[in-house]
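Written out below as structure tokens is the structure these notes cover.
The values are calculated or read from the model by the stated rules, or taken from the named source; none is laboratory data. The structure presented is a predicted model; accordingly, all values stated were derived computationally and were not measured. Neighbour counts run over all protein chains shown; Cβ positions are idealised from the backbone, glycine included. Surface areas here come from the heavy atoms of the whole protein model, side chains and all, with no ligands, DNA or RNA. Shrake-Rupley method; radii C 1.70, N 1.55, O 1.52, S 1.80 Å.
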Amino acid sequence: AATIGNFEQRKSAFLASLAHELRNPLAPIRSSIELLQRIPASADPRVARAQDIIERQCARLAEIVDDLLDLSRIDSGNIQLKRDRVDVAQVIERAVARHATAVRDRKQQLQVDVPRERLRVIADADRLTQVVANLIGNASKFTPAAGALRVSAAAQSDCVEIVVADDGPGIEPALQPQLFDLFDRPAGNDRKATQGLGTGLALVSRLTKLMG
């Protein structure tokens, strides 16, 4: 009974978070559509701005849905990963590019520190890019405007260590074990710390383990 009750609580919390996450992007999409309907086709800069909002928020919705689908595939064992020799520098370059616009809009500085010698790992290139990109996006989200982010890679005996760091407020040690769990979100008064589904970091954990 306790297990069922705990599951129901987690499910309710998940659905509430899902509704919250989907409602936030949809609100500016709807207001932008209404604005476009009232403005005649012209060179009005508001039209371009509204279209930009629609594009970005739709992309965010797509990311949420894709993350949920990926998690479903992983947890049901229906995901196939490639095992190729992957250039770590190229992976980091692609991951950084995914968040270049958001980092620029937040006036953040992003430093990439990769050695000149080529670092290769056995992995799925697309999924490894997704892992690093999720870490960068999370770091940017929780770093104040004009903050600093850093992505580095270095050889460590028989592996490569990729580090994503930021100068945000940090995470309390007691909460760190929960970071990569889909349902467990940090408790506290900081609303920003508790919002979100945790899909990005949950995917980081699952994909990294699947790639060995």
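Relative contact order for the chain: what is it in percent, counting Cα pairs under 8 Å that are at least 6 residues apart?
Relative contact order comes out at 20 percent.
Pop out the carbon and sulfur fraction of the accessible area of the chain as a percent, whole number, probe 1.4 Å.
It is 52 percent, rounded to a whole number.
DSSP H helices in the chain with Cα extent of 18 Å or more along the helix axis and mean Kyte-Doolittle hydropathy at least -0.5?
2-38, 45-75, 125-141
Quick check: pseudo-label points 7 Å beyond the Cα along Cα→Cβ at Leu26 and Ile79, how many nm apart are they?
The answer from the label model is 2.6 nm.
What translational D, rounded to a whole number of µm²/s, comes out for the chain from Stokes-Einstein when the hydrodynamic radius is the Kirkwood one over Cα pairs, at 4 °C and 1.567 mPa s?
67 µm²/s
Under 11 Å from the Cβ of Ile53, count the other residues' Cβ atoms, weight Lys and Arg +1, Asp and Glu -1, and hand me the total.
+3
Have a look at Ser152, Pro173, Leu110 and report the one farthest towards the positive end of the charge dipole of the chain, computed about the Cα centre with Cβ charges (Lys/Arg +1, Asp/Glu -1).
My answer, from the dipole projection, is Leu110.
Just the number please: accessible area per residue for the chain, 1.4 Å probe, all protein chains included, in Å².
The answer is 63 Å² per residue.
With n ≥ 4 as the cut-off for DSSP H runs, can you work out [θ] at 222 nm for the chain, using -39500 (n - 2.57) per run divided by the number of residues, rounded to the nearest 500?
Rounded to the nearest 500, the figure is -18500 deg cm²/dmol.
Any chance you could run the full-extension gain for Ala148 through Gln90? It's 0.36 nm times the residue separation minus the Cα-Cα distance, nm to one decimal.
18.7 nm
If you take the charge dipole of the chain about its Cα centre, with +1 on Lys and Arg Cβ and -1 on Asp and Glu Cβ, which of Leu69, Ile53, Gln130 is farthest toward its positive end?
Ile53
Might you report the magnitude of the Cβ-based charge dipole of the chain about its Cα centre, with Lys and Arg at +1 and Asp and Glu at -1, to the nearest 20 debye?
Dipole about the Cα centre, nearest 20: 380 debye.
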